[in-house]
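To keep things clear, I will list the structure first and then write my remarks on it.
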Amino acid sequence: MKRSAATAAVPAMAFNAQARNAEGAAQRNQPGKPPNILIVIADQFRWDCVGAYGLNPMGVTPNLDSIARRGAAFQNAVTNQPWCSPSRACLFTGQYGTRNGVWELGPGLRTDATTLATVLRSQGYTTNYIGKWHLAPHTANSPEVDPLGSNGLGYVPPRYRGGFLDLWQAANVLELTTHPYEGNLWDADGKVIHYEGTYRVDYLTQLAVKFLKQKHEKPFLLVVSQLEPHEQNDADRPVPPKKYAGKYVNPFVPQDLKALPGMWQELLPDYYGGIKAIDDSVGVLLKTLSEQGLSEDTIVVMLSDHGNHFLTRTYAEWKCTPHDSSIHIPLLVQGPGFDGSGMIPDVVSMVDISPSLLDAAGVKIPDSMQGRSFMPVLRSPEGRRSWRQEAFIQFAESAIGRALRTDKWTYCAIDPNKDGMAAPNSSTYQEYQAYDLQTDPHQLINLVGRRETGNWDDFSNRSDLDELRERLKSRIVEAGEDKPVVTQVEGRLEVVPGQSDPTVNPPPYGLYR
């Protein structure tokens, strides 16, 4: 059986995907002692920038690579909604956007939401948050935007914190309340925390180090949510630390970008500078954990909310599409239950992360979470055999869309008659994109409606697409939506009566490749 290129791309260094933990944990923490959990969230960080995955020779992630060597590196982790707030809501609630209510920017989590933080706090954990939140209601598009806290951009009242009720040093929309070298956060009581002269990533890291050096009577959940390498909104470009400005000129270009027009030529050098800053931060946090004697008792998770296609897939946004450049995220985990796991080729998604961390901590997973724990995949061959190798994707903004990402295919359907922000879902979709990841890992050849011969009735991969279409409809229902109509069409190539050659239908809205 052929493996997909994404699965096959394992570096020569000694990462063994079969180096599993048959008993369920390579290095258990002390019996009966719950593990601490540290989650580092980067923003718009492409998975293939991590050197451990074997696809990028830039060498900018030595600390992330060390997590992969010690713990688990998930090769096919995807977000279920490639957009800032919706992705974070999927992470913390274990629910899809149409269930948790955060399918776009602005509405915020429900005040009664069950989250990773609320569950752990009920089990005696402290729940602590530093950095970008983006899950409280806000009106960032209001003409009266006030970066000092009104309209929900800055201070987050306790009811909107998703259960993070201990240390709070954050801003709801960090990209609008800060700049790379100055800005404002807010503490739990609404007091402004101003920084100036220190790079944003480094300042948030300093806050996290201060927390880790405190005496902890209880197990803790700490989230450090960075903005980099996301672009600075009012500059419309990533801004690296000064020490890395200009360092990565003429960098390695990922293959999916190289073939397409976009903004990568201009922005990749500074983007790599932001990647390096995130890796430096992780290195500081790992060193602090070791110095404080916390390393063996702490699960460390590094991930991103989504990727970055650098405007190669839409002309209006950096992510909101079903392509791997948008949905494929780094997911690296070390600590109790994960150490020694190696490369994990299985398809996992954002809604699976909170259930998995609860499972690893020995905490019951609430029924509200739609994701599944992937810990059985790490614990036994049977767990891996029974794992469903697909993820369900909902996306908005570029189109109202639904997609499946399996170990072999990306399959997407959209509503071509509505704007991507018109509604959270649709009752009618049509096939729009299908990519064979075994033969086209960079997703450059859309197989929807593609004809391989001169016979217009001869469609390639039709049986595969029929199966994917039925699977997609099932997953839409499973996610809590009504069963839709998903139409099979001839794709963007439509035969017009009286013409021997097909004409090209214009793409809907922003989604065009």
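The values are calculated or read from the model by the stated rules, or taken from the named source; none is laboratory data. Remember, it's a predicted structure, so these values are computed and weren't measured experimentally. Glycine gets a Cβ as well: all are built from the backbone with ideal geometry, and neighbour counts include every protein chain shown.
So if I check each of 326, 290, 349, 295, which one is of a type in the set (S, T, N, Q), assigned by TED's automatic domain parsing to the domain that holds residue 104 and under 16 Å from residue 74 (Cα atoms)?
Matching residue, one of 326, 290, 349, 295: 349.
Cβ contacts < 8 Å: first residue closer than 30 Å to residue 128 by Cα, restricted to the stretch 225-252; second residue among the small types (Gly, Ala, Ser) and in a strand (DSSP E or B), any location; separation 6+ or different chain. Result?
Sorted first by the residue in the stretch 225-252, then by its partner, the pairs are 225/131; 225/170; 226/42; 226/131; 227/131; 228/42; 229/42.
May I ask you to verify whether residue 45 is among the aromatic types (Phe, Trp, Tyr) and modelled with pLDDT of 95 or more?
Yes: the conditions hold for residue 45.
From 282, 300, grab the single residue that is part of a helix (DSSP H, G or I) and aliphatic (A, V, I, L, M).
Going through 282, 300 in turn, just one is part of a helix (DSSP H, G or I) and aliphatic (A, V, I, L, M): 282.
Check the stretch 54-72 and report whether any residue there is crowded, with 22+ Cβ neighbours inside 10 Å, closer than 30 Å to residue 476 by Cα and either in the same structural domain as residue 342 (by TED's automatic domain parsing) or at pLDDT 95 or above (or both).
yes
When you look at residue 121, is it at negative phi, surrounded by fewer than 20 Cβ atoms within 10 Å (Cβ to Cβ) and assigned to a loop (DSSP other than H, G, I, E, B), yes or no?
For residue 121, the condition - at negative phi, surrounded by fewer than 20 Cβ atoms within 10 Å (Cβ to Cβ) and assigned to a loop (DSSP other than H, G, I, E, B) - is not met.
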